[in-house]
Structures are given as structure tokens and as C-alpha cells.
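See structure below.
What follows is calculated from the coordinates using simple rules that are stated; it is not laboratory data. Everything quoted here is computed from the prediction, not taken from an experiment. Methodologically, a virtual Cβ is constructed for each residue, glycine included, from the backbone with ideal geometry; neighbour enumeration extends over all protein chains shown.
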Amino acid sequence: MRIGLAADNGNWHKARLKAALEHLGAEPVLFSLADVAIETGGREPLRVPGFPDALPDGVLLRTVAGGTFEATTMRLGVLHALVASGTTVWNSPASIERSVDKAMTSLLIDRAGLPTPDTFVCSKREAAAAIVAREAGPGRPLVLKPLFGSQGEGLQLIETPDDLPGEDAVSRVYYLQRYVARSDGLWRDYRVFVCEGRAIAGMIREGDGWITNVHRGGRPLPWAMPAAAAERAEAAAAAVGVDYTGVDLVEDGQGGFLVLEVNSMPAWSGLQKVTEVDIALAVARGFLAAVRAARPPRLVSALG
Ligand SMILES: Nc1ncnc2c1ncn2[C@@H]1O[C@H](COP(=O)(O)OP(=O)(O)O)[C@@H](O)[C@H]1O
Ligand SMILES: [Mg+2]
């Protein structure tokens, strides 16, 4: 099997995935999506480094590096072209698009009937101001998040319309979500890692403030994950259609869990510190099984 491992950054994760794939008998070729080219007017126009003769059977994607709108569009186009030519891509570009766009994730989570904090998305500052005037107030904030945000960056609490930044500062999309107060005064929420439809590991994240991302100093703590949390995360992964994912959950104050986020390019170095489950191995195993299942069966002559 021709296997590619596309990872633009994050050496720890890259090394873990490579080792896991090799442990399972694959020989992954590491490449960067930024080095894929298109050349028309001859053989196959998609040129993937390390695959000069035939496109890979499977590509395991750790990250799509951030870039300009143009660069990101091209990289996603490359992934779509791989899928169209029969390559198994984990996560699929369609699911990456759905999960990177927080608005689309919220829509899909809601349509699937899963509880998530009330969320409002609009483009104009005037519309956002009307939503804030209606839904927020002193002590009752909304969270403003960058549509493509990650690692807890750029989040802001909004209580009054005057708190809203201008349209350019939010790249012309206001994503506003009801702030979920945490009842016990601890800044905790939960991360569940789902692979192949199953919640395989989870942790508590404890922060010094309301944003608990490990990248922002949140501390991973071991968690005896309740079945209700596992089921909710599995349903959220299915709603977005991701093959492997980190789902963020927060307590609803009544013993249940709200879905905050579904990540199609999750990091798991924090989680790996507090779980026995080998996350990279689970991802590699699921991915290789999917590649195998997608390949046409080898025909063996009955006459030998
Ligand atoms: N609606 C909310 N209410 C309370 N805390 C929130 C809310 N949304 C996000 N947070 C906090 O901010 C963190 C980052 O938000 P998240 O939606 O996961 O975006 P990111 O992609 O940046 O991780 C969450 O893990 C949580 O700690
Ligand atoms: Mg998150």
C-alpha cells in the first residue's frame, strides 16, 4: 500500500504517527501539502512528492497548515482531487471543511439534535449588534470566536453591542455563542478523542480562566469518562463526519454535556499524558483499515 503522511508542523505528532504506521507494517512517505503541485498537459496532473508513479492509496493528514485563503483553497482542492481519484484521506477534506468552519459545525450539531450552547452567526456588524442587544447583557455574555479559530486564540466575551469589534477584525463573520458558566467555580471542560466512531479516550482540562485549551495553559487531568459524555462525543463526530477527532464538551449544569467544538486536526500530546490508550496507534490502525477496505480486492485465480 502506498501511504502518505501529510504533516506540515508538529514534530511530536508526526513522529508518533509515523512510528505507529510503521509498527503496523506500513511505510509512510512524509510530505507537506505545501509541496504538492499540479502540472497539466501530460500524465496525472497531481504531483505528490514521494509518489512519482502512482497516487497514494491513503493519506493520513495531521494538519493543513494555515495560510492565505488561496493557499488553503488549493490544498483542500488537492485533497478533494485525491479523494476523487480513489485515495482514502483521513480526515476527508469535506469533513475538514465542515469542522474548520465553526458555523457549519454548530449547524450540523444542532441539526443532529445534539445540545450545544445557543449560537448566532452573521456577517454584518449591525446584525451582530442586534443579536448582542437581544441575547446578552452585563453578566450574561456571549463568546465571540474567530470562525476558523483554534487553540483558544482570539476568543472574546461580549456583553454589549459596543464590545463588538468591526467587521474587518472578524474577517466579516461574527460567530457568537452563549457563554456557559461553570457551576463549581473551577475552569473545567472536557476533551474526548473519537476514532472510527468510538470515544477511545478523554480528559478533563482545567484552566486558570474560562479558556481551557492546553495551548493556553490548560492542564490535562485524567478522567473517568461517563458513558453520556462518550456517547455525546461520538454523536458529534458522526454529525460532522470526521474519522478521527477531538470533541470539546462542557457541563450543562444539570449532569449533561454540551458540545462546544469538533476538531478535525486535533492535537493530543496533552491527552496522551493522562491516558493509557495509544492515540497515534489507534488513529493509524483505523486509517489503515479504511485504506484496505477502500481498495479493490485482489483477484486470485481459482486455478492458482
Ligand atoms: N460558549 C462557551 N462558554 C464557555 N466557555 C467556552 C465557550 N466556548 C468556548 N469556551 C472555552 O474556550 C475554549 C476554546 O473554545 P473552542 O470553541 O473549543 O475553540 P478553539 O477552536 O479555539 O479551541 C473552550 O475549550 C472553553 O474552555
Ligand atoms: Mg477547542
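Take the chain, drop everything but the C-alpha atoms, weight them equally and run the Debye formula without solvent; then report log10 I(q)/I(0) at 0.14, 0.15 Å⁻¹ to two decimals. For the chain at q = 0.14, 0.15 Å⁻¹, log10 I(q)/I(0) is -1.08, -1.21. Once the gyration tensor of the Cα atoms in region 103-255 is diagonalised, the equivalent ellipsoid follows with semi-axes of 27, 18, 14 Å, ordered largest first.
Rank the residues Met1, Met74 as a footprinting-exposure proxy: fewest other Cβ atoms within 10 Å of their Cβ go first. Intermediate values should be presented prior to the final figure.
Details: Met1 14, Met74 17.
Listed from fewest to most nearby Cβ atoms, that is Met1, Met74.
Rounded to the nearest 10 degrees, the angle from helix 11-23 to the longest Cα principal axis of the chain is 40 degrees.
For the chain, what is the relative contact order in percent, using Cα pairs closer than 8 Å and at least 6 residues apart in sequence?
Computed over the chain, the figure is 17 percent.
Shape summary: region 183-273 maps onto an equivalent ellipsoid whose semi-axes, from the alpha-carbon gyration tensor, are 19, 15, 11 Å in decreasing order.
Kindly provide the helix-only [θ] at 222 nm of the chain, computed as the sum of -39,500 (n - 2.57) over DSSP H runs of four or more divided by all residues, to the nearest 500 deg cm²/dmol?
Mean residue ellipticity, 222 nm, calculated: -9500 deg cm²/dmol.
In a DSSP loop and with at most 12 other Cβ atoms within 10 Å, the GluC sites (Glu not before Pro) in region 134-179 are Glu153. Comparing Arg98, Arg205, Arg219 in a Gaussian network model of the chain (Cα springs below 10 Å), the most mobile by mean-square fluctuation is Arg219.
Database remark: amide H of Leu260 closer than 5 angstrom to the amide H of Asp248, Leu249, Val250 (H placed geometrically; neighbours at sequence offset of 5 or more, or on other chains; Pro and chain starts carry no H). Between Glu27 and Ala169, the modelled labels are 5.5 nm apart [label points 7 Å from Cα along Cα→Cβ]. Classify region 57-114: rounded, prolate or oblate, from the alpha-carbon gyration tensor (a ≥ b ≥ c, eigenvalue square roots; a/c under 1.5 rounded; otherwise prolate if a/b is larger than b/c)? Oblate shape, in that a/c is at least 1.5 and b/c is the bigger or equal ratio. Taken one residue at a time, the phi angles of region 211-223 give Karplus couplings (6.51, -1.76, 1.60, θ = phi - 60°) of 9, 9, 3, 4, 4, 9, x, x, 9, x, 10, x, 9 Hz. Gly and Pro are set to x. Taking a ≥ b ≥ c as the square roots of the eigenvalues of the Cα gyration tensor, an a/c ratio of 1.5 or more together with a/b no larger than b/c marks region 119-178 as oblate. One Cα centroid belongs to region 34-100, the other to region 155-223; the line between them spans 30 Å. Once the Cα-Cα distance is subtracted from the 0.36 nm per residue extended length, the Ala289 to Ala227 segment shows a gain of 19.7 nm.
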